[in-house]
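Read the structure below first, then the notes.
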Amino acid sequence: MKFERIAFVAAPTPEAAEARVRLARLYGNVGVDEADVIVALGGDGMMLHTLHDLMDRDVPIYGMNRGSVGFLMNEYAEEALPDRLERAELISLHPLHMDATDTDGNVHSHLAINEVSLLRETRQAAKIRIIVDGVARLDEMMCDGVMVATPAGSTAYNLSASGPIIPLGVELLALTPISAFRPRRWRGALLPAKAKITFEVLDPADRRVSATADFHEVRNVARVDIMQAANHTPKLLFDPEHNLEERVLREQFSA
């Protein structure tokens, strides 16, 4: 792929901002709306924000790590950037769509690249019913929370909660409990990517629960519906020797 018009965007940190200035001097810098490719400078948080901001644009994003975490980023180097972009491999992501209904009946819709997570808001454990494609699979789970993670997000919060790593290209989602008390030994499930998942919060007035799609939080939810977003396929570019599929595989063999 040949990219002639590059737009550089940076996280609000000195390291990322300085890198943006240096790269713009070397390669020019067009507006985001004019670009053939976006180069995002920062960490994974910056990449997630960039993906959300440009969700409706069919423009690939190439990240370079100028942050503390860079699972979604390539290594930072200022030399031969056009050559790296031309050699880069394209990966399409499939976000989740969340409809969170709060206790007042309002519906809040957001997209998630990594995961949708539910967390208790008070000292009391949450009680959550889990429904998959209209069938109640767990009538009541007492827990700190629960999440649904995409393959791209399976190495993030999901992995920290002892959820499985899912290689990219596999049409699966990880349904992972967060500190489940009952059923005590339930470790979660792998679900088809096309599944519709519903979480019903039991006793939502006293056992309050929040729902978060990546960084969009909704407080005091009563019900959360999650399914794959059909009309959004953000695209990432990765160096061939450092692509995301290889990182997901490598993560499964790390100590």
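Derivation of every value follows stated rules applied to the coordinates shown; laboratory data play no part. The structure displayed is predicted, hence computed values, not measured ones. Reconstructed Cβ throughout: ideal geometry from the backbone, glycine too, with neighbour counts over all protein chains shown.
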Taking the chain and counting helices only, DSSP H stretches of n ≥ 4 at -39,500 (n - 2.57) each over all residues, the nearest-500 ellipticity at 222 nm comes to -4500 deg cm²/dmol
FRET efficiency for His49 and Val107 from the Cβ-Cβ distance with R0 = 25 Å, rounded to 0.05, comes out at 0.60
Taking a crude spin-label model, label points 7 Å out from Cα along the C-beta direction, the Thr122 to Leu249 distance in nm is 4.9 nm
About its Cα centre, the chain carries a charge dipole, from +1 on Lys and Arg Cβ atoms and -1 on Asp and Glu Cβ atoms, whose size in debye to the nearest 20 is 900 debye
Residues of region 120-151 with backbone N under 14 Å of the label point set 7 Å from the Cα of Phe181 along Cα→Cβ are 120-128, 141-145
Rounded to one decimal in nm, the spacing of the 7 Å Cα→Cβ label points at Glu171 and Ser68 is 3.9 nm
Relative contact order as a percentage, the chain, C-alpha pairs under 8 Å and 6+ apart, gives 21 percent
The relative contact order of region 96-228, taking Cα pairs under 8 Å that sit 6 or more residues apart, comes to a percentage of 33 percent
P(r) over all Cα-Cα pairs of region 96-228, 10 Å bins from 0 to the longest distance, whole percent per bin, short to long, reads 14, 49, 33, 3, 0
Here the Cα Rg-to-2.2 N^0.38 Å ratio for region 26-80 is 1.11
Taking 0.36 nm per residue of separation between Glu18 and Glu241 and subtracting their Cα-Cα distance, the length gained on full extension comes to 77.7 nm
Simple spin-label estimate for Arg5/Ser92, 7 Å along Cα→Cβ, in nm, reads 2.4 nm
With a ≥ b ≥ c from the Cα gyration tensor eigenvalues, square-rooted, and the rule rounded for a/c under 1.5, otherwise prolate when a/b > b/c and oblate otherwise, the chain is prolate
Note on the chain: helices (DSSP H) long enough, at least 15 Å by alpha carbon along their axis, and hydrophobic enough, mean Kyte-Doolittle at least -1.0, are 14-27
